[in-house]
Amino acid sequence: MKIGFIGTGNMGGALARAAAKGGHTLLLANRTPAKAEALAKELGGTVCPNAEAAETAELLFLGVKPQGLPGLAGELAPEGWKIPSDADWEQLKNYTGNDASILKAGEWQAMVSGEVAPVNNHTRFNAFPVGMWYNKGHNSPNKMTAFWSWDHTKHTLSESTIYFLGESDEFVSSAAHVTGKPYYKALSIRCIKE
């Protein structure tokens, strides 16, 4: 599989190293080209511009600080696609009857406590429990996943995001910032057709 990484620092580099162990073809892009070049030399990947990684990768990971996303938004989504807004997520929630089980895939664990909710991925949305990145570490793997929302009027990240938790089959809306901290959580981006 051809996997692209935009951002090859701590988070992107760790994900690229894991993907390299699986024998995948790596496309590496970074604001500082020397970082991508060093990682490409270490892992045997190819250095390319952001747009090339976004257009040609079968799977794309972003290892970019949230404040860097507004500058990338036009490069990330293929033509005719966009990062969903809060209203788009609300529309999906209503369409599914607030049943996240039909969007979730993979092996989940409870985030806080209780039984793990059913997972059936009937829609093939493939919301895997990848966790999130904050405080210089990978947190809550196998317990949750979350997706950015885009504020199309302000041309920046929304202040809220959508979460799926292991013990719940409902859509959960929560703040995009780490509680009590001045920075955003590192989450996934899902693009939708315009």
*Which residue, ALA38, ALA146, ALA29, tops the fluctuation ranking in a GNM of the chain built on C-alpha contacts under 10 Å?*
ALA38
_Give the separation of the Cα centroids, the stretch 80-133 to the stretch 20-53, in Å._
29
*Can you list the residues of the stretch 114-137 with backbone N under 19 Å from a point 7 Å past the Cα of TYR95, pointing along Cα to Cβ?*
120-128
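Report, in listed order, any pair from LYS136/LYS193; LYS2/LYS193; LYS35/LYS193; LYS2/LYS41 with a Cα-Cα distance greater than 26 Å. Write down the numbers at each step before the final one.
On the way: LYS136/LYS193 33 Å; LYS2/LYS193 22 Å; LYS35/LYS193 32 Å; LYS2/LYS41 17 Å.
From LYS136/LYS193; LYS2/LYS193; LYS35/LYS193; LYS2/LYS41, over 26 Å: LYS136/LYS193; LYS35/LYS193.
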*Non-local amide H neighbours of SER85 (under 5 Å, H modeled in plane, Pro and chain starts lacking H): which ones?*
TRP150
*Once label points are set 7 Å from the Cα along Cα→Cβ at both SER113 and ASN135, what is their separation, rounded to one decimal in nm?*
1.9
*asked:* Compute the helix-to-body angle for 10-21: its Cα long axis versus the longest principal axis of the chain, expressed 0 to 90° and rounded to tens.
replied: 80
*Sequence-distant aspartates and glutamates (8 or more away, or on other chains) whose Cα lies within less than 18 Å of LYS82*: GLU52, GLU55, GLU58, GLU90, ASP151, GLU159, GLU194
*Among (i) 211; (ii) 122; (iii) 150, which is the computed volume of the Cα convex hull per residue in Å³?*
(ii)
_C-alpha long axis of helix 33-43 to longest principal axis of the chain, angle in °_ = 90
_With 16 Å as the cut-off, how large is the P(r) tail for the stretch 80-141, expressed as percent of Cα-Cα pairs?_
59
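Let me have the relative contact order for the stretch 109-194, percent, based on Cα pairs under 8 Å that are six or more residues apart.
Numbers: 148 pairs, mean separation 24.2, N = 86.
Reported relative contact order: 28 percent.
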*Percent antiparallel among DSSP beta bridges with both residues in the stretch 1-151, to the nearest 5?*
20
*asked:* Which one, VAL119, PRO84, PHE5, projects farthest toward the positive side of the charge dipole computed for the chain from Cβ point charges (K/R +1, D/E -1)?
replied: PHE5
*Column: log10 I(q)/I(0), Debye, Cα scatterers of the stretch 104-194, q = 0.13, 0.19, 0.25 Å⁻¹*: -0.45, -0.92, -1.36
_Within the stretch 90-115, backbone nitrogen closer than 17 Å to the virtual label 7 Å beyond the Cα of ARG124 toward Cβ_ = 102-106
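Computed from the coordinates by the stated procedures, all read-outs in this text should not be read as laboratory data. What you see is a predicted model; the values in this text were computed from it and never measured. Heads up, the Cβs are rebuilt from the backbone with ideal geometry, glycines too, and the neighbour counts pull from every protein chain shown.
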